[in-house]
Structures are given as C-alpha cells and as structure tokens.
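Everything below concerns the one structure shown next.
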C-alpha cells in the first residue's frame with residue numbers, strides 16, 4: 001500500500017504542481033519558486049522512502065488494470081536503476097528550481113516557466129518509473145513535448161523557436177520508431193509488462209524480429225540522447241534559458257536514451273548487432289563532440305558539445321557487451337549529472353552577471369567573481385578527469401574497459417585505447433578553454449554589464465553539486481558506492497561482476513593514460529591558443545559537416561519540394577478530386593481485402609418485402625437521386641432533398657426498433673442541415689465549362705455516377721453478406737445480459753457507449769473537440785465577399801421583416817428545448833436519450849436563436865463559452881475514468897447503486913452518468929463552436945476584425 005502511494009505521488013505531484021503554477025499570478029515569483037521547489041523535494045522524499053525496500057535488490061511495484069486482455073495495464077515500478085535516475089530527476093530538479101528563482105527575470109512569464117518545468121519533471125519521473133513498455137513510450141513522448149515548450153520558452157526569439165522545432169522533430173520522430181519497436185518487442189515476448197520482458201532475454205535475441213526491433217528501439221534511444229548522426233539538435237537547444245539547459249543536459253532529457261539502453265541491456269545486448277550499432281555511434285559521438293567543443297566560442301555551446309561527447313562515452317560503454325562496462329556507464333552517468341549541471345549553472349551566472357557568454361569577450365573574471373571561478377574550476381576539473389574528483393574515477397573505469405574491450409572483436413583492441421585517450425585529451429582541452437578563457441587573463445571592461453558575484457542562493461546549487469564532485473572523488477565507496485551497487489544489481493542481477501571504487505589502484509595502464517591525457521590536453525590547448533584567440537568561427541576539418549545545415553536542407557526538401565510535388569499531383573481547386581480519390585482508394589482496398597476470401601451470401605433466409613419500408617425507401621431513393629441532380633442547378637434544393645433522405649433513414653431506424661439511433665439521426669440531420677445552409681452562401685459558383693485538355697462536364701458527371709454506383713453496390717453487397725449470416729450469439733447476448741447487472745442501465749445502447757466501450761467514446765468526443773477547434777481555426781481568418789452577404793443592418797432588418805413572429809416563438813422555445821435536452825440527458829441510461837443526443841438538442845436551441853435574432857442578439861443575450869464547455873466535458877469524462885482507477889478497477893469501470901431517499905423511494909445512481917454529462921458538455925460546446933465559426937462570418941467580414949477572432953460571450 002505504501003509503495004503504491006509513494007510511486008503514484010512521485011509522478012502525480014509534479015503534474016499537480018504544474019497545474020497550480022500555471023494558475024498563479026505573474027508577479028508571484030517567490031510563491032512559484034517555493035511551489036516548484038517543494039514539489040521537487042517531495043518527489044525526492046517519495047523516492048527515498050521507496051529506496052529502503054529496494055536496497056536489498058527488491059522491486060517496488062504498483063499495478064492498475066487498464067485493458068488486461070491486451071496487456072495494457074498501468075504499472076509503476078522502481079528498482080535500483082530507476083531509483084538512481086528518479087533521484088537525479090527530482091534532486092537536480094530541486095536545485096534547478098532554486099537557481100531559476102534568481103536567474104529568471106521578473107518580466108518573464110514565470111508561471112508558464114515553472115508549469116512547463118514541473119510537467120517535464122513529471123514526464124521524466126513517469127518514464128523512469130514505468131513498468132509497462134507502452135506506458136514508457138507515452139511518457140517518452142511527453143518529455144519531447146514539454147522539452148519543446150521549455151526550449152522555445154522565449155518564443156519571441158527566432159533561435160528559440162528553431163531550436164525547439166528541431167529538437168521536437170528529431171526526438172519525436174525517434175519516439176515513433178521507439179513505439180514501433182516496443183510493439184514488436186511486446187509481440188515477441190507476448191506481453192508489454194517490463195518484468196516479463198526483462199525475463200525473456202534469450203527468446204528475444206533468438207527471435208526472427210530481433211534485428212528490426214533492435215534498430216527501431218535504438219533509433220529512439222540514440223535520437224533522444226543526441227548520438228551520431230542525430231547529435232546536431234542538442235547545441236541548437238541552447239536557446240533555452242540556462243536553468244532549462246542545466247536540467248536537460250545533466251539529469252533528464254538526454255539521459256532518457258541512456259536510461260532506455262541500460263534498462264533493456266539485459267535483453268537486447270550481447271549480440272553483434274547491438275555492439276556495432278551502439279558502440280559505433282557512441283565512439284563517433286565521443287570523438288566528434290569533444291573535438292567540436294574545443295572550437296566553440298559560446299560557453300553553453302561548448303558545454304553542449306561536451307555533453308554530446310560524454311553521452312557518446314556512456315553509449316560506447318553500453319555497446320561493449322561487458323558487465324564491467326555497464327558498471328562504468330551507470331557510474332559515469334551519475335558523475336556527469338553533477339559536474340555538468342554545475343557547469344551550466346556557472347555559465348548561466350556568467351551570462352547573468354556580465355551580459356555575455358562569448359569567451360572571446362570574457363577575461364579575468366577571477367578578479368571580480370572569485371567564488372564562482374573556484375566552483376567552475378572544480379566542476380571543469382571533474383569533467384576533465386582530474387584526480388580526487390568524481391570524473392577521474394569513472395574516466396579510469398572507461399580507460400580500463402577500452403584497454404580490455406572484452407566484448408569487442410580482436411582488431412578493435414588497438415583502436416579503442418587510442419580513441420579513448422584522444423577523447424580524454426580533447427576533454428582536458430575544452431575544459432581548460434572554459435576556465436582559462438572566462439576567468440583568467442587580463443580584466444576586461446568591454447562587457448555589457450559590470451561583473452560581480454551573483455546572489456548567495458543563486459550560487460548554492462552550484463556549491464552543492466561541486467561538493468558532491470569532491471566528496472565522491474575522495475570517498476567514492478562510502479558515498480556513492482551503495483547507490484551504484486543497487487543500480488548495477490538491478491540490471492545485471494547474478495551477473496554483477498566484482499569491481500572497485502578505490503581512488504588508488506596502483507600504477508597501471510589506465511592511470512598512465514589519464515596522466516598522458518592531462519599533459520597532452522594542456523599542451524594541445526597551448527598550441528591551439530593562437531587559433532582560438534583569433535576567434536575564427538567554425539570547426540577546422542569539419543566545416544562541411546554541419547548537422548543543422550543538413551537538417552534544414554532535409555526539412556526544405558520535405559516541406560517544400562516534396563510537398564510541392566505532391567501538391568501538383570494531388571491538389572485541385574475543389575474538394576471533388578480529393579473525395580473522388582478517397583472513395584476510389586477505399587473501394588480498391590475493400591476489393592483487395594475480399595479477393596482472397598470471396599464475397600458470398602450467408603444461409604439466413606430472407607423475409608418478404610414490407611410495403612411500408614419499400615414505400616419509405618422509394619421516397620428516400622428519390623430524394624437521394626434528386627439531391628445529386630439538383631446539386632448541378634440549385635444547392636438549396638439539393639440540401640433539402642438530402643435532408644429528406646436522412647429523414648427516411650431516421651424512420652427506418654424507428655421501424656426496426658432502434659429509437660436511440662433514430663433520435664440521434666434526427667438531431668444530427670437538423671444540426672448539420674442548418675450548418676450546411678449557413679455555409680452554402682460562400683461556395684463558389686459551379687464551373688461547367690471545360691478547358692482544353694479537360695473532361696467535359698457531362699463526362700465528369702457520368703464518371704462520378706459510375707464511381708458512386710460501384711461504391712454503393714459494393715457496400716450493399718458487403719452489408720447483404722453480413723446480414724445474411726447468423727451473428728455469434730455471445731456478443732449481443734452478453735451485452736443484453738450484463739447491461740443492467742454490471743452497467744446499471746436498461747438502455748443497452750447507452751450502457752455500451754458509456755460503460756462497456758466507454759474508452760472508445762472518450763476518444764470519439766476528443767476527436768469531435770479537435771474537429772471543432774480545426775473548423776474554427778480554418779474559418780477565423782476567412783472573409784467572404786461583402787456583396788454576397790449584405791451588411792449587418794440588412795441582415796438584422798431581414799430578420800425583423802421576415803421572421804418577426806417566428807423569432808418570438810423561437811425565443812419562447814429556448815427554455816423548452818433546453819428542458820427537453822436535460823430530460824434526454826437524465827433518462828439516457830434507461831430510456832432512449834443520452835449525452836450525445838442531449839448535447840445536440842441543446843445545440844438546436846442555440847441554432848434557433850441564431851436563426852431568429854442573428855449573431856448580435858445572441859451575443860447580447862446568451863453568453864455561451866464553447867471552449868469552457870468542451871474543456872469541462874472532456875475533463876469530466878476523463879476524471880470519471882480516473883475515479884475508477886482510484887478505486888482499484890480498470891479505467892472507466894462503471895459503478896452503480898440505489899440511493900434511498902426515504903418516502904421518495906430509491907433513486908438509481910451510476911458513475912456513468914457523470915461520463916454522460918461530460919459527453920453532453922463536449923458535444924454541445926463543439927457544435928456551438930462550429931456554429932459560431934460559420935455564422936459569424938456574415939458579421940465579422942464587415943468589421944475591422946482583429947487577426948485572431950474572439951468567440952462571442954467571453955474570452956474563450
């Protein structure tokens with residue numbers, strides 16, 4: 001029980017904090033910082049409370065049923081590896097919040113910053129604590145989304161927008177590949193549960209789908225952790241505020257790919273494919289990132305490329321198929337988080353207090369910022385691998401693995417040590433440039449601001465992290481040793497090798513390599529100083545390999561050349577071509593799917609033709625044919641005839657005892673007919689003349705008639721073949737038998753919608769809301785020709801002259817229709833009705849008021865907030881499902897009981913009613929929003945409307 005509470009709180013607290021932070025006033029910077037810091041600290045406490053149960057190799061686990069039949073349950077799981085990453089996410093997150101309190105300007109939108117930061121923290125916690133691989137992918141994509149918002153926080157700046165777009169494009173594309181890979185992984189194992197996956201390593205590696213699955217999973221991991229050839233997006237993310245950079249580069253976003261590879265190492269590693277893909281990418285990234293970092297003039301860019309290099313080092317270790325290399329990888333991941341976060345914060349302090357991060361302009365800051373200089377010096381020394389600091393120990397472990405390379409081919413033994421030594425030399429060089437270029441040399445007065453020490457509490461996070469670098473470097477076994485052991489044991493289990501965290505191992509080859517790297521790095525920096533002092537932009541030898549330029553060229557090709565080619569091939573001035581293509585493709589897909597099996601009628605005998613139904617469909621068919629014919633001459637007549645065909649469909653539902661469908665069909669016909677009627681006036685005139693090389697109008701109609709007949713006949717054949725077969729009794733009988741006993745309703749159709757298939761309904765109303773928003777977004781800038789609609793006064797005059805008596809009746813009908821809508825909503829669980837029908841009925845009430853009084857009258861008398869209705873409806877429907885999870889049952893499981901009201905009797909109460917109210921609210925809001933988008937064109941086209949349209953009746 002305690003595990004469930006702590007695991008849930010560790011993820012839920014950041015999201016709740018983000019919601020609260022977004023609602024705080026803009027001038028409450030202290031309150032927002034206290035809130036975000038408290039949330040991060042509480043999440044860290046939750047992790048610590050769970051640690052006691054997993055320190056001896058146990059696993060804390062909490063599972064909530066979701067769709068058990070498909071293996072899709074919500075599973076929260078913490079073992080040693082997850083605890084280390086969760087502690088980094090929460091602990092460094094707390095320090096970043098404290099730092100951001102003093103870094104961010106009061107003029108910035110601070111609530112938005114902390115809301116995004118906390119939501120990102122919650123996404124990272126969800127990722128590392130996921131016990132279901134599909135759930136892991138969900139949080140994986142959330143981290144991409146919130147990192148996009150954080151990187152583009154200063155949205156007024158073009159570099160921030162470009163960097164955010166690039167980061168989202170690369171990481172989200174990798175996320176799609178990861179999703180496909182996880183689906184294959186679940187298919188191989190037969191389960192999406194992480195514990196089951198981790199126990200099936202031999203079966204996974206022996207499966208025929210192992211290689212494509214591995215490539216897809218590694219695409220996700222390598223793109224997220226900025227590994228070659230996807231490394232170029234990370235330096236562009238430097239446009240984010242420095243607290244964001246410190247957080248993303250040290251403990252969160254870029255470590256997600258490392259976490260994934262370490263998490264799945266027991267089941268995916270150990271093969272040649274794993275070795276070549278992972279180690280090759282890591283080795284190239286290690287060297288390229290370190291080399292390019294030397295020549296960066298921006299402090300954050302230098303640190304960004306050094307991050308790429310260190311991530312490459314960890315990736316290389318993970319690719320070596322060695323247990324000791326895995327130990328070194330986890331250890332260096334922890335060390336890198338401390339010294340890299342402190343270095344980014346130091347760079348932010350320099351920028352904050354001097355107004356620049358350009359090394360070419362910085363010099364002598366040791367005189368004016370001595371405390372910051374010493375903190376940065378220690379952190380940079382840890383990054384360079386100086387003895388008695390944490391980076392030195394993990395670097396020696398890396399050198400040891402590079403020398404032994406137990407899992408590598410023989411010919412690679414001679415390459416890895418040299419590459420590792422070269423990377424160590426480069427690390428010393430760029431670390432020296434960071435320190436010497438910014439803090440030493442003559443004091444310069446050519447700075448935007450007079451440099452001075454930052455506020456004390458702005459420096460505290462750096463001091464804490466630097467203290468960690470020193471303590472771990474001096475006493476590694478006593479400080480970080482137990483946590484590293486728990487993390488390693490959770491990954492390797494019984495295969496955990498013997499390793500030592502001693503500072504001194506005697507004089508050996510790795511120590512000699514470390515000393516050579518230190519000396520050669522200093523020498524290389526001295527040799528490069530003339531070139532670096534000259535301030536030449538670009539990286540020698542790699543000027544032509546600009547990842548950003550290649551990315552931009554690819555994006556230009558995809559979004560311009562390729563898109564223009566598709567547009568030329570598929571685009572037409574009207575929708576007829578696209579509709580024709582859609583129908584033809586659907587017809588061809590159905591034919592190809594049925595060809596192997598054939599299409600034969602079933603054995604059910606036919607009943608006689610009922611003359612009433614035949615008469616109805618004679619009228620309905622005539623209306624349909626008439627609508628197609630009249631569309632050529634008179635669109636209004638075509639619309640009326642189309643409504644007639646819809647009415648016959650409604651009567652057919654009534655005839656076959658489907659009152660719910662009949663009621664919904666009738667309301668849909670009313671609403672869509674009015675909306676189409678409002679839009680008819682802006683459609684362009686039909687062009688009957690055919691230009692040279694074009695088909696004549698008559699031939700086009702014959703062609704379209706042939707396509708329509710073929711599609712209709714095919715659908716008729718499929719329907720006939722389906723309805724003449726005896727349906728399995730289990731499906732319908734199960735719904736009928738369980739509707740009341742398990743759903744609490746006698747209206748089986750409504751119980752299916754809000755209970756048995758409630759998740760489908762939730763998705764459908766979400767899609768409906770998206771459609772409504774899309775319609776409004778498309779029409780908000782649309783301006784019809786003024787001569788086609790008349791002036792607002794003319795419109796209001798027409799309403800007074802022609803609709804005077806009907807207008808009064810329509811206004812009197814408004815409360816009556818609303819009452820009917822409420823009646824349909826309340827009775828829907830037992831009798832025909834429900835949220836969807838009630839929402840449409842309420843929309844009809846608003847439609848009548850628009851028709852009677854026009855847009856101005858409705859704005860003045862009915863204050864409708866459609867976005868609020870939509871948001872409240874979707875939230876209520878989702879919270880109803882979440883309430884079931886709290887009760888320990890699958891999402892959207894319904895509960896019903898009878899409330900005893902004394903002499904009033906017993907009142908049936910079902911949780912599905914709340915879900916139905918949410919459906920009602922969203923359907924009503926979405927319909928009204930589309931009505932507003934269409935009906936307002938008549939008035940807004942005559943006004944000097946602002947670029948972004950306002951929804952009448954409020955600020956929504």
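Quick look at the values:
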quantity	calculated
Index of the failed condition, residue 186 passing every other in (1) under 18 Å from residue 215 (Cα atoms); (2) touching a residue at least 60 places away in the same chain (Cβ under 8 Å); (3) in contact with a helix residue (DSSP H, G or I) (Cβ under 6 Å, 6 or more places away or on another chain)	(3)
Single residue of the range 879-892 satisfying the filter (surrounded by 17 or more Cβ atoms within 10 Å (Cβ to Cβ) and assigned to a helix (DSSP H, G or I)) that is nearest to the chain's Cα centre (by Cα)	881
Selected residue [outside any helix (DSSP H, G or I), outside the structural domain of residue 757 (by TED's automatic domain parsing) and more than 24 Å from the chain's Cα centre (by Cα)] from 26, 100	26
One residue from 778, 773, 768 being in a helix (DSSP H, G or I), more than 21 Å from residue 921 (Cβ to Cβ) and either modelled with pLDDT of 85 or more or touching a helix residue (DSSP H, G or I) at 6+ places or on another chain (Cβ under 9 Å) (or both)	778
Selection within the range 814-853 - touching a strand residue (DSSP E or B) at 6+ places or on another chain (Cβ under 8 Å) and either closer than 15 Å to residue 675 by Cβ or surrounded by fewer than 23 Cβ atoms within 10 Å (Cβ to Cβ) (or both)	830
Residue among 831, 847 that is under 16 Å from residue 745 (Cα atoms), in contact with a helix residue (DSSP H, G or I) (Cβ under 9 Å, 6 or more places away or on another chain) and touching a residue at least 40 places away in the same chain (Cβ under 8 Å)	831
Test: residue in the range 406-422 that is assigned to a helix (DSSP H, G or I), under 38 Å from the mean Cα position of the chain (by Cα), surrounded by 22 or more Cβ atoms within 10 Å (Cβ to Cβ) and modelled with pLDDT under 95	yes
Qualifying residue in the range 732-744 (condition: in contact (Cβ under 8 Å) with a residue 12 or more places away in the chain, surrounded by 13 or more Cβ atoms within 10 Å (Cβ to Cβ) and touching a strand residue (DSSP E or B) at 6+ places or on another chain (Cβ under 8 Å))	yes
Residue match in the range 78-89 (condition: surrounded by 20 or more Cβ atoms within 10 Å (Cβ to Cβ) and over 23 Å from residue 263 (Cα atoms))	no
Exclusive hit being in contact (Cβ under 8 Å) with a residue 60 or more places away in the chain, within 21 Å of residue 496 (Cβ to Cβ) and in the same structural domain as residue 351 (by TED's automatic domain parsing), set 287, 324, 311, 299	324
Number of positions in the range 706-731 that are touching a residue at least 12 places away in the same chain (Cβ under 8 Å) and in a loop (DSSP other than H, G, I, E, B)	3
Restricting the range 579-608 to residues that are surrounded by 11 or more Cβ atoms within 10 Å (Cβ to Cβ) and at pLDDT below 80, the residue that is farthest from the chain's Cα centre (by Cα)	604
Unique match (being outside any helix (DSSP H, G or I) and surrounded by 15 or more Cβ atoms within 10 Å (Cβ to Cβ)) among 47, 39, 75	75
Subset of the range 167-182 (residues that are surrounded by fewer than 23 Cβ atoms within 10 Å (Cβ to Cβ) and over 15 Å from the mean Cα position of the chain (by Cα))	180
Any chance residue 625 is within 24 Å of residue 718 (Cα to Cα) and surrounded by fewer than 16 Cβ atoms within 10 Å (Cβ to Cβ)	yes
Qualifying helices (runs of 4 or more DSSP H) (wholly inside the range 456-503; at least 1 residues being within 37 Å of the chain's Cα centre (by Cα), in contact (Cβ under 8 Å) with a residue 24 or more places away in the chain and surrounded by 21 or more Cβ atoms within 10 Å (Cβ to Cβ))	456-474, 481-492
Index of the failed condition, residue 209 passing every other in (1) touching a helix residue (DSSP H, G or I) at 6+ places or on another chain (Cβ under 8 Å); (2) within 30 Å of residue 105 (Cα to Cα)	(2)
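Every residue, every condition in (1) at pLDDT 90 or above; (2) within 41 Å of the chain's Cα centre (by Cα); (3) assigned to a helix (DSSP H, G or I); (4) loosely packed, with under 13 Cβ neighbours inside 10 Å, yes or no:
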| residue | (1), (2), (3), (4) |
| --- | --- |
| 651 | yes, no, yes, no |
| 657 | no, no, no, yes |
| 667 | yes, yes, yes, no |
| 676 | no, yes, yes, no |
| 691 | no, no, no, yes |
| 698 | no, no, yes, yes |
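The rows are residues; the columns are (1) in a helix (DSSP H, G or I); (2) modelled with pLDDT under 90; (3) under 30 Å from residue 276 (Cα atoms).
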residue	(1), (2), (3)
336	yes, no, yes
342	yes, no, no
371	yes, no, no
377	yes, no, no
387	no, no, no
395	yes, no, yes
400	yes, no, yes
433	yes, no, no
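The values are calculated or read from the model by the stated rules, or taken from the named source; none is laboratory data. Note that the coordinates shown come from a computational prediction; the quantities given were computed from them, not determined experimentally. Ideal geometry is used to build each Cβ from the backbone, glycine not excepted, and the neighbour counts take in all protein chains shown.
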